[in-house]
Amino acid sequence: MKTVYQRVYLSILCTICMVALTFGTASAGAPLTNAEGVGGCALNPFAYLANTSKDKAVGMPQLGMWNIGLTESDINWWTVGGNITLLNRVELGYSHEFVDIQGTQNVDKDNISLKINIIPENMGDMKFLPAISAGLIWKNTSFDALTLRHTGGMDYYIVATKMIGGLPVPLILNAGLLSTSGYVRGVLGFGSHRDIAFFCNIETIMFEKFIVGWEYEQDTDVGKVFKNSDTTYGTHSMWEAHVAYMHTNNLMLVGSVAYTGDKDNVSQASFGWGYVLSLQYAF
């Protein structure tokens, strides 16, 4: 049976091979697929759809690979995913997460996503109007099914994204609401009730090749997660600050620092400081 690291290395190899076979054959905007296979940043979805094409009903695929190292808690978290846009209004995505939790089991998590762009940015020449999208993410975890009340669940979200020009540097603002029952984003299962979390991003584009930004996701309380236990569980708020380098219009590299809360906090799942690295490619 393959180990988590063998599966990760196989996924990396497949990704590199696909990039090598098609490099330079398509032009795309800045590619960015988040850790759950949704067009967005590491934590949060954007209202923008992934790799749209004005003259094609089906856009070209987009791939993203992330490594999240929560070093204070000895957690190494890999994710590989991709998405595609249909009719410039519908985005379909998938990602697989490999979570190596030191001292316990290795966890696999699958995510299947659907996002619909309800209102395009600047629709009807209204320059103040943000893009507005709604979406869902179905999630399933391999974490010990004998102890969990639910191994699968669904997230729902609505999000608005707006690029503001006319400033010394272009500014992208992103904000939304997420409805979830996921404990630690569903990696450790799903609770008995849902919570609403606010999330947001602030992104700037500098020197044409760099994106510098910050994102935040509010804490959640999702009720009873484990069988034979009446304890309620929550996930601490998280933020990460990042720098992305757009090597070409197709290829992007991302590096960031993240904070998930004091790792000794016993009331909410929190894992301290960590790093985030990513390779992104749009065909």
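Side notes on the structure shown:
- Comparison of Phe46, Phe98, Phe143, Phe128 shows that the only residue that is touching a helix residue (DSSP H, G or I) at 6+ places or on another chain (Cβ under 6 Å), of a type outside the set (Ser, Thr, Tyr) and either modelled with pLDDT under 95 or closer than 29 Å to Thr248 by Cβ (or both) is Phe98.
- Qualifying residue in the range 264-278 (condition: in contact (Cβ under 8 Å) with a residue 60 or more places away in the chain and either basic (Lys, Arg) or outside any strand (DSSP E or B) (or both)): yes
- Verdict on Thr104 being surrounded by 14 or more Cβ atoms within 10 Å (Cβ to Cβ), of a type in the set (Val, Ile, Thr), farther than 15 Å from Gly135 by Cα and at pLDDT below 90: no
- Highlighted here are the strands (runs of 3 or more DSSP E) found entirely within the range 161-256 that include at least 1 residues which are closer than 28 Å to Ile132 by Cβ and over 21 Å from the mean Cα position of the chain (by Cα): 190-206.
- Matching option when the condition is under 26 Å from Ser256 (Cα atoms), touching a strand residue (DSSP E or B) at 6+ places or on another chain (Cβ under 8 Å) and acidic (Asp, Glu), among Glu121, Glu97: Glu97
- Against the list (1) touching an Asp or Glu at 6+ places or on another chain (Cβ under 8 Å); (2) free of Cβ contacts under 8 Å to residues at least 60 places away in the same chain; (3) under 18 Å from Ala50 (Cα atoms); (4) not aromatic (Phe, Trp, Tyr), the condition Ser95 fails is (2).
- Of Asn111, Asn76, all but one fail to be assigned to a strand (DSSP E or B), in contact (Cβ under 8 Å) with a residue 40 or more places away in the chain and under 30 Å from Asp262 (Cβ atoms); the exception is Asn111.
- Assessment of the range 82-93 against the conditions (of a type outside the set (A, V, I, L, M, F, W, C), within 20 Å of Arg185 (Cβ to Cβ), surrounded by fewer than 20 Cβ atoms within 10 Å (Cβ to Cβ) and modelled with pLDDT of 95 or more) yields no matching residue.
- Pick from the range 122-137, criterion under 19 Å from Val90 (Cα atoms) and among the small types (Gly, Ala, Ser), ranking: surrounded by the fewest Cβ atoms within 10 Å (Cβ to Cβ): Ala134
- When residues in the range 237-268 are screened for being surrounded by 21 or more Cβ atoms within 10 Å (Cβ to Cβ) and within 25 Å of Gly223 (Cα to Cα), 2 of them pass.
- Number of positions in the range 226-257 that are hydroxyl-bearing (Ser, Thr, Tyr) and out of contact with any strand residue (DSSP E or B) (no Cβ under 8 Å at 6 or more places or on another chain): 2
- Screening the range 58-73 for residues that are assigned to a strand (DSSP E or B) and among the hydrophobic types (A, V, I, L, M, F, W, C) and picking the one that is nearest to Val38 (Cα to Cα) gives Leu63.
- Listed by first and then second residue, the pairs linking a residue in the range 194-214 that is hydroxyl-bearing (Ser, Thr, Tyr) to a residue that is assigned to a strand (DSSP E or B), with Cβ atoms under 8 Å apart and 6 or more places separating them unless they lie on different chains, are Thr204/Leu171; Thr204/Ile172; Thr204/Ile211; Thr204/Val212; Thr204/Gly213.
- Within the range 98-108, being part of a strand (DSSP E or B), among the polar types (S, T, N, Q) and without any contact (Cβ under 8 Å) to a residue 40 or more places away in the chain holds for no residue.
The values are calculated or read from the model by the stated rules, or taken from the named source; none is laboratory data. A quick note: this is a predicted structure, and the numbers were derived from the prediction, not measured. Every residue, glycine as well, gets a Cβ built from its backbone with ideal geometry; the counts of neighbours run over all protein chains shown.
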